[in-house]
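Since the structure comes first, as structure tokens, the remarks are kept for the end.
Only the coordinates and a few stated rules stand behind these numbers; no lab work does. Please read these numbers as outputs of a predicted model, since none were measured by experiment. As a convention, Cβ positions derive from the backbone with ideal geometry for all residues, glycine included, and neighbour counts pool all protein chains shown.
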Amino acid sequence: MELRRFRARDGREVILRSPRWSDLDDMLELVNSLVEEGAEVNLCEPYNREDEADWLAELLASVEKGDRISVVAEVEGHVIGHVEVRIGRCYEGHTGVLGIAVKRGYRDLGIGTELMKEAEQQARGRGLKLITLEVFATNSRAIHVYEKLGYRVIGRVPKGIYKDGRYIDRILMAKELHSDEACDHPSSGDAGMKVSSES
Ligand SMILES: CC(C)(COP(=O)(O)OP(=O)(O)OC[C@H]1O[C@@H](n2cnc3c(N)ncnc32)[C@H](O)[C@@H]1OP(=O)(O)O)[C@@H](O)C(=O)NCCC(=O)NCCS
């Protein structure tokens, strides 16, 4: 299902939509491009098509069941970005854990920000009150995007990552969602923010 379209900073048209089975090869390409570049995400081994098919089947099933929010960004007929929010269970049903990736070559064009806003809007629509995420302390681009959208650092696992021969802290960030927020206004995320920041 198409959700909306916008122009990236380089003028290309970006479609935000729900994922579908035919995205398999693009999703495989996306995940393996992250592995290949050594992106600051918890992926170290390339995926084969079977692994990715299992992952996509599980994603589509959990979206269908209402356990996950998932939005892809399509440019020129290919999926080049994905955001998901895994919705908590039981007493955590008001919370979600967000993960996002935009393919190298399509970054710094505003696509990640728009994916985040779309995921948040859907999360609000589903009644979620809190989104959390984890990020490598060295991932300054991602942290910039999250802080711009109102996420605050609420915790840190010292040396929680060991990558390429060095330890990196793992940072936990959170944002409270308010149903009355203007969803398309980045700075509105700060309004009434109650999540306590790391001191
Ligand atoms: C993090 C990620 C999703 C952001 O997506 P994106 O499409 O590049 O995001 P946007 O273009 O909307 O915004 C990027 C912002 O970071 C800024 N930026 C770029 N490099 C930066 C850096 N080294 N330090 C700080 N900010 C930086 C850009 O100027 C831009 O800021 P602005 O919107 O205020 O002008 C994307 O870079 C990505 O997928 N990275 C690899 C995977 C990953 O790290 N995922 C997140 C794991 S927690």
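In the set (1) within 13 Å of the ligand (Cβ to nearest atom); (2) of a type outside the set (G, A, S); (3) surrounded by 19 or more Cβ atoms within 10 Å (Cβ to Cβ); (4) in contact (Cβ under 8 Å) with a residue 40 or more places away in the chain, V102 fails one condition alone, (4). G96 falls short of the stated requirement of being under 13 Å from the mean Cα position of the chain (by Cα), within 11 Å of the ligand (Cβ to nearest atom) and among the small types (G, A, S).
Checked against (1) touching a residue at least 12 places away in the same chain (Cβ under 8 Å); (2) closer than 18 Å to I154 by Cα; (3) within 11 Å of the ligand (Cβ to nearest atom), I131 passes all but a single condition, namely (3). Filtering the stretch 105-122 to residues that are away from the ligand (no atom under 12 Å from the Cβ) and over 18 Å from K148 (Cα atoms) leaves only Q122.
Looking across the stretch 130-147, just one residue is within 22 Å of M27 (Cβ to Cβ) and exposed (fewer than 15 other Cβ atoms within 10 Å of the Cβ), and that is R141. Within the stretch 1-21, being more than 16 Å from V71 (Cβ to Cβ) and either polar (S, T, N, Q) or in a loop (DSSP other than H, G, I, E, B) (or both) holds for R9, D10, G11, R12. Looking across R17, R89, one residue alone is out of contact with any Cys (no Cβ under 7 Å at 6 or more places or on another chain), of a type in the set (D, E, K, R) and buried (at least 16 other Cβ atoms within 10 Å of the Cβ). It is R17. Contact annotation: residue pairs with Cβ atoms under 9 Å, 6 or more positions apart or on different chains, pairing a residue in the stretch 47-67 that is free of Cβ contacts under 8 Å to residues at least 24 places away in the same chain with a partner that is among the basic types (K, R) and exposed (fewer than 12 other Cβ atoms within 10 Å of the Cβ), are D67/R89.
Yes/no per residue for (1) aromatic (F, W, Y); (2) without any contact (Cβ under 8 Å) to a residue 12 or more places away in the chain; (3) within 16 Å of the ligand (Cβ to nearest atom); (4) touching a helix residue (DSSP H, G or I) at 6+ places or on another chain (Cβ under 8 Å):
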residue	(1), (2), (3), (4)
L16	no, no, yes, yes
D23	no, no, no, yes
V35	no, no, yes, no
V41	no, no, yes, yes
V72	no, no, yes, yes
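Filtering G77, G127 for residues that are surrounded by fewer than 16 Cβ atoms within 10 Å (Cβ to Cβ), under 15 Å from R17 (Cα atoms) and not acidic (D, E) leaves a single hit, G77.
Taken over the stretch 30-59, the criterion of being part of a loop (DSSP other than H, G, I, E, B) and among the β-branched types (V, I, T) is satisfied by V41 alone. Taken over the stretch 134-151, the criterion of being of a type outside the set (A, V, I, L, M), near the ligand (Cβ under 6 Å from one of its atoms) and free of Cβ contacts under 8 Å to residues at least 60 places away in the same chain is satisfied by S140, R141, H144, K148.
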